[in-house]
1. Could you list all residues from the range 260-284 that are basic (Lys, Arg) and within 22 Å of the chain's Cα centre (by Cα)?
2. Quick one: what pairs do we get from the range 12-37, first residue among the aliphatic types (A, V, I, L, M), second outside any strand (DSSP E or B) and at pLDDT 95 or above, C-beta under 6 Å, 6+ apart or different chains?
3. Return yes or no: is Ala218 under 22 Å from the mean Cα position of the chain (by Cα) and under 25 Å from Lys246 (Cα atoms)?
4. If you check every pair at least six apart or on different chains, which have Cβ atoms under 7 Å apart with a residue in the range 247-261 that is more than 10 Å from Phe230 (Cβ to Cβ) first and a residue that is among the basic types (Lys, Arg) second?
5. Output the residues belonging to the range 235-286 that are of a type in the set (Asp, Glu) and either part of a loop (DSSP other than H, G, I, E, B) or modelled with pLDDT of 90 or more (or both).
6. When you check Lys241 against the structure, is it touching a residue at least 60 places away in the same chain (Cβ under 8 Å), basic (Lys, Arg) and either within 25 Å of Pro181 (Cβ to Cβ) or buried (at least 18 other Cβ atoms within 10 Å of the Cβ) (or both), yes or no?
7. Please go through the range 47-57 and give me each residue that is surrounded by fewer than 14 Cβ atoms within 10 Å (Cβ to Cβ) and closer than 9 Å to Asn87 by Cα, ordered by number.
8. Could you please tell me which pairs satisfy a Cβ distance under 6 Å, a separation of 6+ or placement on different chains, a first residue in the range 335-354 that is more than 23 Å from Leu245 (Cβ to Cβ), and a second residue that is in a helix (DSSP H, G or I)?
Amino acid sequence: MKEANQIVLDLKRRIFKPIYFLSGEESYYIDQISDYIENNVLEINDREFNQNVVYGKDVDLSAVLALAKQFPMMSEYQVVIVREAQNIKELNKNSTGDESSVSEKSTGNSASQQFLHYINNPQPTTILVFCYKYKKLDKRSSIAKALQKQAVYFESAKLYDNQLPEWISNYIKDINYKVAPTVPAMLAEFLGNYLGKIVNEINKLVINLPEGSEITTALVHDNVGISKDFNVFELQEALGKKDILKANRIVNYFADNEKEHPAVMVLSSLYGYFSKLLKYHFLPDKSKFAVASALGVNAFFVEGYARAASNYSTAKLKYIFACLKECDLKSKGVDNPSIDSGELLRELIFKILH
């Protein structure tokens, strides 16, 4: 199974394959590959007669195969792109990740048989692309096995939250810009685990920025909508320093603006932060770069974690994790008939600091 970058590199070299099956939870790479094919394989004048973009909710598998078996008109290739292919019912019978998934025994219908035959005997002048988002095929099915053997089969997994800052940093470097150490984590926290959304915001940031310039914290504050003084990073820093006044100012702001700062997001961030502090306590090597590697953070932040760890013993951290769990359950209505999430956060911060 090829990586997205290698697939795009092959496409740029005009190394084409008859079938691309792009699947998985992370839609960014699926869009990246399919958009490149749509916009670059054929010349503009050839697209009217030789490029078809259809949607899974509007077609069945037989209709897709009928398009794929056609010959190009006065062109070397024709392109058939199936967007939202996860809505094609015959493919869902070979999928995992939803309730429509069925066993291999149920895939013997004529459309599936035709598709299996096509996979093994594709039309060489057709580039057939399936954009099968938010799920993946059952690897045990004959269709999945054939695709992995004969086609370009790609699965795009969601990145874990702790992988996002590094991904953001690498993306910014790849487009020839520099980035302040605090920015990747800030963008990851504020924008969530959606690579397409993150890329869109970064592209907005650099649109008027000369190549090679640095994306700074101030630039992010001014253009992405993250409050300079009241955000989860400032809260973490205040808690790390045990700055009671600042921590309470921030949590009061969160409580008054619950829509922008939902408790579930704040709790998730605090859990990650205190987990790193606990891990720090047990690191055998507390040198700057060893800590940065172990915690998965930029070396710029190591001093802050060292200072915070000195303020929170392992016993206190164990208590904090219990408080976080209690707050999370109460925010979801467990044993909590009346207290709103803002008040729960205030109570949590008090327990952490005292």
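The values are calculated or read from the model by the stated rules, or taken from the named source; none is laboratory data. Since the structure is predicted, the reported quantities are computational estimates derived from the model, not experimental observations. All Cβ positions, even for glycine, are placed from backbone atoms using ideal geometry, and neighbour counts span all protein chains on display.
1. Let us first name the residues in the range 260-284 that are basic (Lys, Arg), namely 276, 279.
The answer is Lys276, and nothing else.
2. From the range 12-37, the pairs are Ile19/Pro122; Ile19/Ala151; Leu22/Ile30; Leu22/Ile33; Ile33/Ile7.
3. On the way: under 22 Å from the mean Cα position of the chain (by Cα): no; under 25 Å from Lys246 (Cα atoms): yes.
No.
4. Once the first residue is more than 10 Å from Phe230 (Cβ to Cβ) and sits in the range 247-261, its partners that are among the basic types (Lys, Arg) give Ala255/Arg346.
5. We begin by selecting, within the range 235-286, every residue of a type in the set (Asp, Glu); these are 237, 243, 256, 258, 260, 285.
Residues satisfying the conditions are Glu237, Asp243, Glu258, Glu260, Asp285.
6. On the way: touching a residue at least 60 places away in the same chain (Cβ under 8 Å): yes; basic (Lys, Arg): yes; either within 25 Å of Pro181 (Cβ to Cβ) or buried (at least 18 other Cβ atoms within 10 Å of the Cβ) (or both): yes.
The answer is yes for Lys241.
7. Lys57, the sole residue that qualifies.
8. Asn336/Lys330
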